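J.: Provided herewith is a single structure, encoded as structure tokens, for subsequent inquiry.
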Ligand SMILES: [Zn+2]
């Protein structure tokens, strides 16, 4: 770390400490007093979840670009939550799974990148099919002097990932679950690709990737479960949850004929899909804040977000209950992509 980077990081962390102080007041409130939230969640702890999104999308973190002090600070906050809710690191070496960040325009001397990998043991730790929940924490950083805070994209996925992990830390699952906060999504799925290359990650045990990317902003109250076109056997599970879910749980955005609205290859789940591992991607329709400086915490729809997170716990519960059957849906690497005629 250069001196300049150390100073920048110190400044970021100093500002962030102020934010945490403010957040502690918020955490002391009851769920029914959270601004904009009337829904009473069944599974998730809404206060800390919203607070993490608020912190990650604050100006102090400067848009969380991979290889910047803001990205490093974001990692620190997520790691702290992982520790506080009692998760354990998957790797013997600790929480951080290195991701190489190459120099790019505006970030000529990037710092180190890293995924954060936590796990919640199932009934037979270290054995059998496992489920992985992913959400990227990086965003676009500062461009033309404007901070791209990325509240929905994807501080929201990180907040939900931690909230889901906390539920399962307190209600142990049947199968091992891995929770991964991914780096480098915005610059080419670098973190997800790093997982594929590391023998410490048991890809042969992976039954399903549940990827969360933009789950907090929908005026219409609509959350999409995408990927059923490729894995139609997962449809009954989603249909059943949708019937009683606290959001409008829709499906789609996963057919080649959807063109740019086909989300199959548009976030980290694409890397799992290409490896032959079934996936479900959860996200909202593009909104005016998508990849804009206006993707701010003040613009998310908190009541929808809490409903979405509760729905996601139900999805993970249902997947855990039938994980061996889902594991059987695996394909040879790249076979799925070739069968669907999707360009690389
Ligand atoms: Zn994203």
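Each reported figure results from applying straightforward, stated rules to the coordinates on display, with no laboratory input. Only a predicted model underlies this, so the values are computations on that prediction, with no experimental measurement involved. No Cβ is skipped: glycine too gets one built from the backbone with ideal geometry, and neighbour counts run over all protein chains shown.
J.: Please identify, among 164, 210, 34, the residue showing maximal mean-square fluctuation in a Gaussian network model of the chain using a 10 angstrom Cα cutoff.
T.: Ranking 164, 210, 34 by mean-square fluctuation puts 34 first.
J.: Restricting to bridges with both residues inside region 3-339, how much of the DSSP beta-bridge set is antiparallel, in percent to the nearest 5?
T.: Antiparallel bridges: around 50 percent, rounded to the nearest 5.
J.: Mind telling me which of 298, 57, 218 comes out most flexible in a GNM of the chain, alpha-carbon contacts under 10 Å?
T.: 298
J.: In addition: Do the sum for the chain: with -39,500 (n - 2.57) for every DSSP H run of n ≥ 4, divided by all residues, what is the mean residue ellipticity at 222 nm, to the nearest 500 deg cm²/dmol?
T.: Working: 10 runs with 121 residues, N = 344.
Computed mean residue ellipticity for the chain: -11000 deg cm²/dmol.
J.: Next up: Taking other Cβ within 10 Å of each residue's Cβ, how do 294, 267 sort, fewest first?
T.: In order of increasing Cβ crowding within 10 Å: 294, 267.
J.: Now a separate question. Å³ per residue of the Cα convex hull, for region 201-344?
T.: On the way: hull volume 17.5 nm³, N = 144.
Measuring per residue, one finds 121 Å³ for the Cα hull of region 201-344.
J.: Continuing with this model, one more query. Using only alpha carbon pairs under 8 Å that are at least six residues apart, calculate the relative contact order of the chain and give it in whole percent.
T.: On the way: 703 pairs, mean separation 67.8, N = 344.
20 percent.
J.: Also: Mean separation of Cα pairs under 8 Å and 6+ residues apart, divided by the residue count of region 55-162: what relative contact order is that in percent?
T.: 35 percent
J.: While we're looking at this one, here's another question. Please list log₁₀ I(q)/I(0) at q = 0.12 Å⁻¹ for the chain, using the Debye equation with identical point scatterers on the alpha-carbon positions.
T.: -0.79
J.: Could you work out which residue, out of 170, 115, 154, moves most in a Gaussian network model of the chain, that is, has the largest mean-square fluctuation with Cα springs under 10 Å?
T.: Result for the chain, Cα springs under 10 Å: 170 fluctuates most.
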